[in-house]
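The values are calculated or read from the model by the stated rules, or taken from the named source; none is laboratory data. Remember, predicted model here, so these are calculated numbers, not experimental data. Here Cβ is always computed from backbone atoms with ideal geometry, including for glycine, and neighbour counts include all displayed protein chains. Just the protein is used for accessible areas: all its heavy atoms, side chains included, with ligands, DNA and RNA removed. Shrake-Rupley method; radii C 1.70, N 1.55, O 1.52, S 1.80 Å.
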Amino acid sequence: MDNNSNKLFQEFVAPTAQEWIDKIQVDLKGADFQKRMVWRTNEGFDVQPFYRREDVEKLQTPDSLPGEFPFVRGNKKLDNEWYVRQNITANSAAEANAKALDVLNKGVTSLGFSIPKAELSEEYIDALLNNIVCDCVELNFVTCKRCSLKLAEILVAYFEKKGYDKENIVASIDWDPIEKTVAKGKDVDFLFEYAPKLIETVKDYPNFRVISVNSVSLCNSGAYIVQELGYALAWGAEYLQQLVDAGVEPTLAAKKIKFNMGVSENYFMEIAKFRAARMLWAEIVKQYEPKCECACKMIVNAETSMYNMTVFDAYVNMLRTQTESMSAALAGVHSIVVNPFDAAYEEPNDFSERIARNQQLLLKEECHFSTVVDPSAGSYYIEELTSSLAKEAWKLFIAVEEQGGFFAAAKAGTIQDAINSTNEKRHLHAAQRKEFILGTNQFPNFTENSEGKVAETECCNCGCDETAPFKSICASRLSADFESLRLSTEKADKQPVAFMLTVGNLVWRQARAQFSTNFLACAGYKVIDNLGFSTVEEGIDAALAANADIVVICSSDEEYAEYAIPAYKYLDNRAIFVVAGAPACAEELKEAGIENFIHVKVNQLETLKAFNEKLGI
């Protein structure tokens, strides 16, 4: 740096943290700093509005190096390449093979095959992998947990028959019986004897992993980020301990575990989650004294969330999955699955699958996310989030260990209870619009119809139907309640009409009409907005002429005392009368018989359900 640059920097004095806070307090004009500026996360810690160098200097994460223990900055030193993965349902080996060959020519570098147990055979695998160069692409397989060992044996025989170098095969089998307990409440104790045999079968393949931790199922059930992280670590530790207890050497055991984790919409927090996950998993594995630190690397396949996908305004799902895949890519995961935007309501088609592939290719080829190792390193904010998430997740990990480990906690139902409680809380917050779902409970597409779209239901891939002895998690998407409401409205004999009776103060009537229009359209009502009426009688007459089922008076709080009761009496129960807002005179209005008020503090979902009930829907 030359002297002129030094002189330039010397002209600026870095303000202290207190000086920043003092400036913020002035701008807040007396408002409480903690309430206005400090974010209390769902993960159990506070996030300050700004961070400085001294905040990060006390952390250990900035001292880490890429590709080195504890791998907080990623498993690689030279780049940030990840596998672009597409999953294929392989009911027909020939059809799945044709699709695989097609998408491999369109940018996919990782294939995930879901194989029906009834079809599994050597001939089936030969047909499935025909003309696929297995040492140039990552291969992932899932089948019935009882058949996974047979699948591993067939695959190893196939690779040897083709003469592949074992070091160059990058593959996985999704064998995770504990997921059956968590997601379906199934008893899976009898399956654990397969684990050592699976590892023995593929032990000569250093990049072939056969034990999975599917915490993505928690993400898809509404789990908070810290819950998925903490439980994923305990889940992985459970398998690691079971394998060691069964006589598997710790280094080999750790190298055979793969994590399939979800990615939610919280952009920076998700980046921090994957960084914290690698760091904590490395510390867990290190306690087993592996022969090499490479065994401490956490291999993560990230899958965009299904929980926040919507049936209505489905193209918004592309925005959701784009930010989610960005989080995963910047965080340095091993591979990414982008769920197509229509996956919530139909079998994805060629168009939606192409868009999903291209979302990752854009990040690689145009945004160059694959070229820079850990671009978030040194960011005061993300380093702080990484450290804070790690602390809270570790607390949860310890709590699970104190219950006897993840499997014991799952059989006791404490894992499922915690996730279901979070899911219920998030559904309530969505109903209250404390958690926004764009296009569903906020800014809906007014003119959209379902056009036959029905939400996909989940099913057990193994075809097992025995009675479940344990609790299970509920994988209900966040928008499901609103979609059910809107579909019921759509099926009604007549689409309800909501009419904005705008009167009085121009600013207030426009603001409240806009709020009410957005609020009521979420139920699928036809909304008629207006520029304003000189009298409430004029507005009521116009509403009745428009065959309105709901009339919403929109004005200022002060003017409601003048306009609301006369409007209500003039309407004379010929439609549902609603006041937009929570005016000081609300009690007086209620005494006059007015029952319905809509504002930011009401439960939107329950209010709309009540309107539907009154309308006979």
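Listed values for the stretch 58-66 are Karplus-derived 3J(HN,Hα) couplings in whole Hz (6.51 cos²θ - 1.76 cosθ + 1.60, θ = phi - 60°), namely 7, 8, 8, 4, x, 7, 6, 10, x, and x replaces Gly and Pro. Calculated accessible area for the stretch 293-413 comes out at 35 Å² per residue, all protein chains present (probe 1.4 Å; ligands, DNA, RNA ignored).
Please label the shape of the stretch 329-461 as rounded, prolate or oblate, based on the square roots a ≥ b ≥ c of the eigenvalues of the alpha-carbon gyration tensor (a/c under 1.5 means rounded; beyond that, a/b larger than b/c means prolate, else oblate). Since a/c reaches 1.5 but b/c is at least a/b, the shape of the stretch 329-461 is classed as oblate.
For TYR83, the residues 5 or more places off, or on other chains, whose built amide H falls under 5 Å of its own are SER335, ILE336. Ordering of 23-29, 579-585 by packing is 579-585, 23-29, highest average first (other Cβ atoms within 10 Å, averaged per residue).
When the P(r) is computed for the stretch 155-219, the part past 13 Å accounts for 67% of the Cα-Cα pairs. Only Cα pairs under 8 Å and 6+ residues apart enter the sum, and on that basis the relative contact order of the stretch 309-376 stands at 35 percent. Helix 480-490 and the longest principal axis of the C-alpha atoms of the chain enclose an angle of approximately 50°.
Taking the Cβ of ILE576 as the centre, find all other residues whose Cβ is under 10 Å away and add up their charges (Lys, Arg: +1; Asp, Glu: -1). Every neighbour counted, the sum reads 0. The angle between the Cα long axis of helix 225-245 and the longest principal axis of the Cα atoms of the chain comes to about 20 degrees, rounded to the nearest 10. Considering only ALA543, TYR83, TRP394, and ranking their Cα positions along the charge dipole of the chain that arises from unit charges at the beta-carbon of Lys, Arg, Asp and Glu, the one farthest toward the positive end is TRP394. Modelled this way, with points 7 Å down the Cα-to-C-beta line, the labels at LYS434 and LYS162 are 5.2 nm from one another. Rounded to the nearest whole angstrom, the semi-axes of the ellipsoid equivalent to the stretch 1-154, taken from the Cα gyration tensor as √(5λ), stand at 55, 23, 15, largest first. The share of accessible area on the stretch 64-138 that comes from carbon and sulfur is 48 percent, using a 1.4 angstrom probe.
Mind ranking LYS569, LYS256 by accessible surface for me, highest first, 1.4 Å probe? Let's see the in-between values first.
Numbers: LYS569 140, LYS256 5 Å².
Correct descending sequence by accessible area is LYS569, LYS256.
Using the Karplus relation 6.51 cos²θ - 1.76 cosθ + 1.60 with θ = phi - 60°, the per-residue 3J(HN,Hα) values for the stretch 326-339 come to 4, 4, 5, 5, 5, 7, x, 6, 6, 8, 9, 10, 9, 6 Hz, with x marking Gly and Pro.
Separation of the stretch 49-90 and the stretch 107-161, taken as the distance between their Cα centroids, equals 31 angstrom.
Taking GluC sites (Glu not before Pro) in DSSP loop states with no more than 11 other Cβ atoms inside 10 Å as exposed sites, the chain has its longest site-free stretch at 12-192. Set against the 2.2 N^0.38 Å expectation for a compact globular protein, the stretch 502-617 has a Cα radius of gyration ratio of 0.96. Look at the Cα gyration tensor of the stretch 119-243: its axes a ≥ b ≥ c give a/c of at least 1.5 with a/b over b/c, and that counts as prolate. What the phi angles of the stretch 386-393 give under the Karplus curve with 6.51, -1.76 and 1.60, with θ = phi - 60°, is a coupling list of 4, 5, 5, 4, 4, 5, 5, 5 Hz, glycine and proline written as x. Rg and Dmax over the alpha-carbon atoms of the stretch 234-322 stand at 16.6, 52 Å. Carbon and sulfur atoms: what percent of the 1.4 Å accessible area of the stretch 375-420 do they account for? The C+S portion of the solvent-accessible surface of the stretch 375-420 is 55 percent. Database remark: amide H of ASN596 closer than 5 angstrom to the amide H of VAL579 (H placed geometrically; neighbours at sequence offset of 5 or more, or on other chains; Pro and chain starts carry no H). Amide H contacts of ILE528 (H built 1.01 Å from N, in plane; Pro and chain starts excluded): ALA498, PHE499, MET500 sit under 5 Å, all sequence-distant by 5 or more or on other chains. What part of the accessible area of the stretch 472-511, given as a whole %, is carbon or sulfur when the probe is 1.4 angstrom? Carbon plus sulfur share of accessible area: 54 percent.
Grab the other residues whose beta carbon is less than 10 angstrom from that of THR143, score K and R as +1, D and E as -1, and report the net. Value of the local net charge: +2.
Comparing the stretch 452-576 with the 2.2 N^0.38 Å rule of thumb, its C-alpha radius of gyration ratio is 1.53 (two decimals). P(r) for the stretch 562-601, from all Cα pairs and a bin width of 10 Å, is 31, 60, 10 %, short bins first. Calculated accessible area for the stretch 205-281 comes out at 18 Å² per residue, all protein chains present (probe 1.4 Å; ligands, DNA, RNA ignored). Think of the chain as having a plus end and a minus end, set by charges on the Cβ of Lys, Arg, Asp and Glu; of ALA575, GLY524, VAL26, VAL26 sits farthest toward the positive end of this dipole. Altogether, the Stokes-Einstein calculation at 25 °C and 0.890 mPa s, with the Kirkwood radius of the stretch 130-193 over Cα pairs as Rh, returns a diffusion coefficient of 184 µm²/s. Relative contact order of the chain: 14 percent, from C-alpha pairs under 8 Å at least 6 residues apart in sequence.
Taking a quarter of the surface of the Cα convex hull of the chain gives a mean projected area of 34.1 nm².
Summing charges over all other residues whose Cβ lies under 14 Å from the Cβ of GLN227, with Lys and Arg as +1 and Asp and Glu as -1, gives -2.
Once you sort the root eigenvalues of the Cα gyration tensor of the stretch 382-533 as a ≥ b ≥ c, which label holds: rounded (a/c under 1.5), prolate (a/b larger than b/c) or oblate (the other case)?
oblate
P(r) for the stretch 72-181, from all Cα pairs and a bin width of 5 Å, is 2, 11, 21, 24, 20, 12, 7, 3, 0 %, short bins first. The stretch 312-364 and the stretch 372-418 have Cα centres lying 25 Å from one another. Once C-alpha pairs closer than 8 Å and six or more residues apart are averaged by separation and normalised to the residue number of the stretch 71-204, the relative contact order reads 21 percent.
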